[in-house]
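Peer 1: My structure is below; once you've seen it, I'll send some questions.
Read the figures in this text as sums done on the coordinates, not as results from a lab. Computed from a prediction, not measured in an experiment: that's the story for all the values here. Note that each Cβ is placed from the backbone with ideal geometry, even for glycine, and that neighbours are counted across all protein chains shown.
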Amino acid sequence: MKVGIVGLGLIGGSLAKAARSRTTHEILGYDLDEEVMTMARMSGAIDGVLTDELIGECGIILLALRPAAAVAWVEEHAGQVPPDAVVVDMCGVKRAVCGAIRPVAERTGFHYIGGHPMAGSENGGFVNSDRDLFDGASMILVPDEHTDMQMLEMLKGFFLTIGFERLTFTDQEEHDRIIAYTSQLCHIASNAFVKSPSAQRHMGFSAGSFRDLTRVAKLDEDMWTELFLDNADYLADELELLIDELKPYLVALRAHDDEALRALLREGRELKATAGGR
């Protein structure tokens, strides 16, 4: 089977490398950046270029693009996607993307399902792509009432083969609501945290906790602005809740109220234990 990958940045490049090395599929890739295309061909990440003519021969097309670009690609190339193919976007928001692509797929006649690989790095671009990026990660899929079960089984086999540990199924509302907390809020908190003047004087005074909290402050502001605004309602709610949760810590510190501070810290520790995870 031919697998087409549109966008060969961190995610698309890693998908190409993983699929190229772990499956027998023919991997075709496309990126607007000619230098990226050269690196992808020279490194063996792709077997060939995904031309407009070859779109019709693909069984899977993965869109590793930003939301607006993914929608634009589908609108431009919908007529070239064969009816037995499945298009899967890799975008970090789902309402804006699924809501735009699904009607095009239904009208044109190809399969579509929203996706979101729960893996990444603060360092983007093809040069940082890695065949092992998805090892142990969860692949989120957003089926709907039109989703074909055989197609889902095919995608399950593909994603598990290239390294994902599990598939997580959800709807677009739940995806965006939870991602606002588990991903987007973390990036905002980290980005704001490093704006303290103390951040410039941390050398020799920082260890794992500082490194963990500041890692995702290094972000692509253009991409994350688009993702944040596409999910502004849920993200604003989570940010407002975080601000409200921080205020009692400030009050307790200003008042030197050890009992209040201890209670706040205990509550957080116990909630973390209940929530589980890393």
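Peer 1: Obtain the nm distance between the two label points defined at A137 and E34 by a simple spin-label model: each point lies 7 Å from its Cα along the Cα-to-C-beta direction.
Peer 2: Between A137 and E34, the simple spin-label model gives 3.0 nm.
Peer 1: Which of A232, A19, A199 moves most in a GNM of the chain, Cα contacts under 10 Å?
Peer 2: Comparing A232, A19, A199 in a Gaussian network model of the chain, the most mobile one is A199.
Peer 1: Need one number: nm distance between label points at R254 and K195, each 7 Å from Cα along Cα→Cβ, rounded to one decimal.
Peer 2: Here the modelled spin labels are 2.0 nm apart.
Peer 1: Still on this structure, I have one more. Build a GNM of the chain with springs between Cα atoms under 10 Å: which of R211, R131, R254 gets the top mean-square fluctuation?
Peer 2: Most flexible of the set in this elastic network: R254.
Peer 1: Which of the pairs K2/K94; K195/K218; K195/K272; K94/K156; K2/K156 have their Cα atoms more than 23 Å apart in this structure? Spell out each step's value before the answer.
Peer 2: On the way: K2/K94 26 Å; K195/K218 12 Å; K195/K272 26 Å; K94/K156 19 Å; K2/K156 17 Å.
Among K2/K94; K195/K218; K195/K272; K94/K156; K2/K156, the Cα-Cα distance tops 23 Å for K2/K94; K195/K272.
Peer 1: Shifting gears a bit: Only bridges whose two residues both fall in region 106-170 count here: according to DSSP, what percent of them are antiparallel, nearest 5? Could the numbers behind the result be given before it?
Peer 2: Working: 4 of 8 bridges.
About 50 percent, rounded to the nearest 5.
Peer 1: Let me ask you something else. Rg to Rh for region 116-155: what is it, with Cα atoms only and Rh by Kirkwood? It would help to have the intermediate numbers written out before the result.
Peer 2: Details: Rg = 13.7 Å, Rh = 12.4 Å.
Reported Rg/Rh (Cα atoms, Kirkwood Rh): 1.11.
Peer 1: Relative to the compact-globule scaling 2.2 N^0.38 Å, provide the ratio for the alpha-carbon radius of gyration of region 1-53.
Peer 2: Normalised Cα radius of gyration, region 1-53: 0.97.
Peer 1: What ranking do 141-147, 47-53, 92-98 get when scored by the average of other Cβ atoms within 10 Å per residue, highest first?
Peer 2: Values: 141-147: 15.1, 47-53: 13.3, 92-98: 24.1.
Packing proxy ranking, top to bottom: 92-98, 141-147, 47-53.
Peer 1: What FRET efficiency, computed as 1/(1 + (r/R0)^6) with R0 = 45 Å and r the Cβ-Cβ distance, is obtained for H146 and D237, rounded to the nearest 0.05?
Peer 2: Working: r = 30 Å, r/R0 = 0.67.
It comes to 0.90.
Peer 1: Where is the GNM fluctuation largest for the chain (alpha-carbon springs, 10 angstrom cutoff): S209, S190, S21?
Peer 2: Result for the chain, Cα springs under 10 Å: S209 fluctuates most.
Peer 1: Run the quick spin-label model on M223 and S209: label points 7 Å from Cα toward the beta carbon, then report their separation in nm to one decimal.
Peer 2: 3.0
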